[in-house]
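All remarks here apply to the structure that follows.
The values are calculated or read from the model by the stated rules, or taken from the named source; none is laboratory data. If you're wondering where the values come from, they're calculated on a predicted model, not measured in any experiment. When we count neighbours, we look across all protein chains shown, and the Cβ atoms used for this are built from the backbone with ideal geometry, even at glycine.
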Amino acid sequence: MKRIALALGAAALLALGTGTTITPASAATITRDTITVPISDTGTDECRPGLTGTLSGTEVTAFQSVETSKGFHVAGVTTDTGRIDWSDGSYTVIESVDRFSFNAVGTGTTVNTLAHEDSGNTYSAEGVFLFRVSFHSVERFTITNGDVTRVEFERGHLHIFGNC
């Protein structure tokens, strides 16, 4: 759901007219923008019960919208980077990349694609590598007149390397 909100939020930003807008002779309007926000959160470590952690990092979303008489095409990438400091002194360096695109064509039809990758390398308090967790997935869904009419998922792939 966060990713759906991201795509719809990008569309809303386009409507506000933020970023750079280019109108070439072909009558297409191209809008580009980059949004950077800090991220922070707290949580637990599923691999090591009893530990709590504090996440701090940055989220950067860069996108481009092309508007023609037939509709919109929006494509972009959101990159999260950060670090989780755990209550035992260990830490995890994280990265998450979401590539998104959607086409708003015809009357009320939107086709969305989201490719997601995230990973985290966990180290001891002394900086010794402990384990790596990574996850990959691809989603595609169609919304017609506000209703989800088709959904496709590539099964998520979870990989754990090391002693989790």
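Give the residue, chosen from 112, 103, that is of a type outside the set (A, V, I, L, M, F, W, C), under 22 Å from residue 136 (Cα atoms) and at pLDDT 70 or above.
Residue meeting the stated conditions: 112.
Please go through the stretch 32-58 and give me each residue that is closer than 22 Å to residue 158 by Cβ, surrounded by 15 or more Cβ atoms within 10 Å (Cβ to Cβ) and acidic (Asp, Glu), ordered by number.
Matches in the stretch 32-58: 45 only.
Search the stretch 105-124 for residues being among the small types (Gly, Ala, Ser) and assigned to a strand (DSSP E or B), and hand back the single one that is surrounded by the most Cβ atoms within 10 Å (Cβ to Cβ).
For the stretch 105-124, the residue satisfying everything is 120.
Against the definition (over 22 Å from residue 33 (Cα atoms), touching a Ser or Thr at 6+ places or on another chain (Cβ under 7 Å), surrounded by 16 or more Cβ atoms within 10 Å (Cβ to Cβ) and not acidic (Asp, Glu)), how does residue 142 come out, yes or no?
yes
Only one of these is of a type in the set (Gly, Ala, Ser) and either under 22 Å from residue 31 (Cα atoms) or surrounded by 12 or more Cβ atoms within 10 Å (Cβ to Cβ) (or both): 156, 127, 162. Name it.
162
Please pick out the residue among 149, 78 that is in contact with a strand residue (DSSP E or B) (Cβ under 6 Å, 6 or more places away or on another chain) and either free of Cβ contacts under 8 Å to residues at least 60 places away in the same chain or not in a strand (DSSP E or B) (or both).
149
Of all residues in the stretch 62-87, count the ones that are touching a Gly at 6+ places or on another chain (Cβ under 9 Å) and surrounded by fewer than 19 Cβ atoms within 10 Å (Cβ to Cβ).
9
Does residue 59 satisfy the condition of being without any contact (Cβ under 8 Å) to a residue 40 or more places away in the chain and in contact with a Gly (Cβ under 9 Å, 6 or more places away or on another chain)? Quick ask: steps written out before the conclusion?
Values: without any contact (Cβ under 8 Å) to a residue 40 or more places away in the chain: yes; in contact with a Gly (Cβ under 9 Å, 6 or more places away or on another chain): yes.
Yes.
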